[in-house]
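Novice: Starting off with a structure, shown below.
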Amino acid sequence: MSLTKIPQVLLKSSSNQCSMPVIALGTAADTNKNSAETTKVAVIEAIKLGYTHFDTASFYGSEEALGEAIAEALQLGLINSREELFITSKLWLTDNFPHLVLSTLQKSLQRLKLQYLDLYLIHWPISVKPGDWETPYSEELITTFDLKGVWTAMEECQKLGLAKSIGVSNFTCKKLEDLLSFATIPPSVNQVEMNPAWHQKKLREFCEAKGIIITAFSPLGAKGASWGTNEVMDSEILKEIAQAHGRTVAQVSLRRLYEQGVTIAAKSYNKERMKQNLEIFDWSLTKDDHEKINQIKQIRTNNGPVVFFDNLWDGET
C-alpha cells in the first residue's frame, strides 16, 4: 500500500523547530461511544494509510488507547520509532491551574506511554473547580482562569522537554492578545472550530499575522455528534463544487481549509473516509469555488463545555 505523503508546517516557537503534519486523525469521542479497542484499531489503520499526526486530550479518554496503538505499530514495524509520529494532547478545565499543569501533562504521558508530547494545548480559556463534574459545567463551578500562571507552567513543560511545542485551543483574538502580551514562548497553535459553515476570517487573519498556526476541529461540521451540524455535509453549494471536481463534500471542505493555510484535525474511524480525507493534496479549488463557499450560512456549533458559554465571550471574536 502506498502511503500518502502529508505536507508539514513549521512551528516557529517549538523546541528545535518542529514540523507538524497538516492533517491529524482526531480521537474525540461523543459520549464515549467509541471503545478503546475501536480507537486502537482505527489508529493502526490510519498509520497504515500514512497518518502520522494524532490528536487526543485528557478529556477524550482516548490517550491510553492511542498509546497502545503506538506501541503496537512499533511492534508490527509500521513505524521505526516514536519520532516518526506527532502527538497532540490537551489540558482540561479542571486541571487548568498553574500548580496542576506539569503533573497533568505527566499523567497524560503515562497514559500514552510516551516520554514527550509534540504539542500540548490549553483546551479552553476557562478554569473549573477540580472534581469529576458532569458536563456542561454549571456557572458555580467556574473559577478564575489564571492565564499568565498557567502559560508560565506550559512554558516550563516545553523547557523541560516534556512538550516540544505548546499552544492553545478555543482562544479568541482578544484572549490571544492577552497571552502574547506576556508570553516568553508564544503559542505555536490555536485549535478552534472552523469549517465552510464557520469561517472565522478575523481569527484566521489575526493568527496568520502573529505566526500562530490554526488547527481546525470539526472541519466537516461534526455531523452526527451531539454538538454537530448538517450545514457542511448537506450543503448544496459544496455538493455542486464536489461534483465538478469529482470529489466528495468532505474533500472539498478539507481542501478549502488547506488552501487557507489552516491545518486540520479530522475525526473518522471509517477506513475509506480516513483514506479519502488524505486525498486532498493533488488538486485545487478555483477562485470561483472559494467565492461560492464564502456564501454559506455561518453557524458555530460547538458551544463549549459550560452552560452559559456565550456569556464568557462577551461578544469576543
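The values are calculated or read from the model by the stated rules, or taken from the named source; none is laboratory data. This is a predicted model, so every value here is computed, not measured. Every residue, glycine among them, receives a Cβ derived from its backbone with ideal geometry; neighbour counts consider all protein chains shown. Just the protein is used for accessible areas: all its heavy atoms, side chains included, with ligands, DNA and RNA removed. Shrake-Rupley method; radii C 1.70, N 1.55, O 1.52, S 1.80 Å.
Novice: Roughly speaking, what is the stretch gain from residue 290 to residue 35, that is 0.36 nm per residue apart minus the C-alpha to C-alpha distance, in nm to one decimal? Walk me through the intermediate numbers first.
Specialist: Working: separation 255, 0.36 × 255 = 91.80 nm, distance 3.79 nm.
Extending this stretch completely gives an extra 88.0 nm.
Novice: Follow-up question, since we're still on this one. Evaluate the relative contact order of the chain (contact order divided by residue number), counting alpha-carbon pairs under 8 angstrom at least 6 apart; express in whole percent. Kindly include the intermediate steps, with their values, before the conclusion.
Specialist: Details: 562 pairs, mean separation 57.2, N = 317.
The value is 18 percent.
Novice: In region 82-161, if every C-alpha pair distance is counted and binned at 5 Å from zero, what percent goes to each bin?
Specialist: 3, 15, 26, 23, 16, 10, 5, 2, 0
Novice: Kindly report the accessible area of the chain per residue (heavy atoms of protein chains, probe 1.4 Å, no ligands, DNA or RNA), in Å².
Specialist: Working: 14090 Å² over 317 residues.
For the chain, the solvent-accessible area averages 44 Å² per residue.
Novice: Test of understanding: what is the full-extension gain from residue 300 to residue 84, defined as 0.36 nm times their sequence separation minus their Cα-Cα distance? Before the final figure, lay out each step's value.
Specialist: Values: separation 216, 0.36 × 216 = 77.76 nm, distance 3.45 nm.
Roughly 74.3 nm would be gained on extension.
Novice: Separate question: No solvent, one uniform scatterer per C-alpha: report log10 I(q)/I(0) for region 132-242 via the Debye equation at q = 0.14 1/Å, two decimals.
Specialist: -0.75
Novice: So which of 129/174; 90/292; 90/175; 174/292; 12/174 end up more than 26 Å apart, counting from Cα to Cα?
Specialist: Beyond 26 Å between Cα atoms: 90/292; 174/292.
Novice: Right, here's the next one. What pairs in 148/201; 48/239; 202/267; 48/202 have C-alpha atoms more than 31 Å from each other?
Specialist: Numbers: 148/201 27 Å; 48/239 29 Å; 202/267 25 Å; 48/202 37 Å.
Violating the 31 Å limit, Cα to Cα: 48/202.
Novice: Could you give P(r) for the chain, binned at 10 Å from zero, as whole percent values over all Cα-Cα pairs?
Specialist: With 10 Å bins starting at 0, P(r) equals 6, 28, 37, 24, 6, 0.
Novice: Could you calculate the contour length gain from residue 16 to residue 282, that is, 0.36 nm times the residue separation minus the distance between their Cα atoms, to one decimal place in nm? Intermediate results must be reported in sequence, preceding the final value.
Specialist: Values: separation 266, 0.36 × 266 = 95.76 nm, distance 2.95 nm.
Extra length from residue 16 to residue 282 when fully extended: 92.8 nm.
Novice: If you don't mind, there's one more thing I want to ask. Only helical DSSP H runs with n ≥ 4 go in: add -39500 (n - 2.57) per run for the chain, normalise by residue count and round the 222 nm mean residue ellipticity to 500 deg cm²/dmol.
Specialist: -10500 deg cm²/dmol
Novice: Please give the net charge around residue 266, taking every other residue with its beta carbon less than 10 angstrom from that of residue 266, where Lys and Arg add +1 and Asp and Glu add -1.
Specialist: Working: positive: 267, 273; negative: 55.
For residues surrounding residue 266, the net value is +1.
Novice: In a Debye calculation with equal point scatterers on the alpha-carbon sites of region 161-310 and no solvent, what is log10 I(q)/I(0) at q = 0.19 Å⁻¹?
Specialist: Ignoring solvent entirely, the Cα scatterers give -1.21.
Novice: Divide the volume of the convex hull of the Cα atoms of region 1-90 by its number of residues and quote the answer in cubic angstrom per residue.
Specialist: Details: hull volume 9.2 nm³, N = 90.
About 102 Å³ per residue, rounded to a whole number.
Novice: Under a Cβ-only charge scheme (Lys and Arg +1, Asp and Glu -1), can you give me the dipole magnitude of the chain about the Cα centre, in debye to the nearest 20?
Specialist: On the way: 33 positive and 38 negative charges, 118 e Å.
My answer is approximately 560 debye.
Novice: Further question on the same structure: By average Cβ neighbour count within 10 Å, what is the ranking of 284-292, 231-239 from highest down? Write out the running numbers ahead of the final one.
Specialist: Details: 284-292: 13.0, 231-239: 18.3.
In decreasing order of mean packing, 284-292, 231-239 become 231-239, 284-292.
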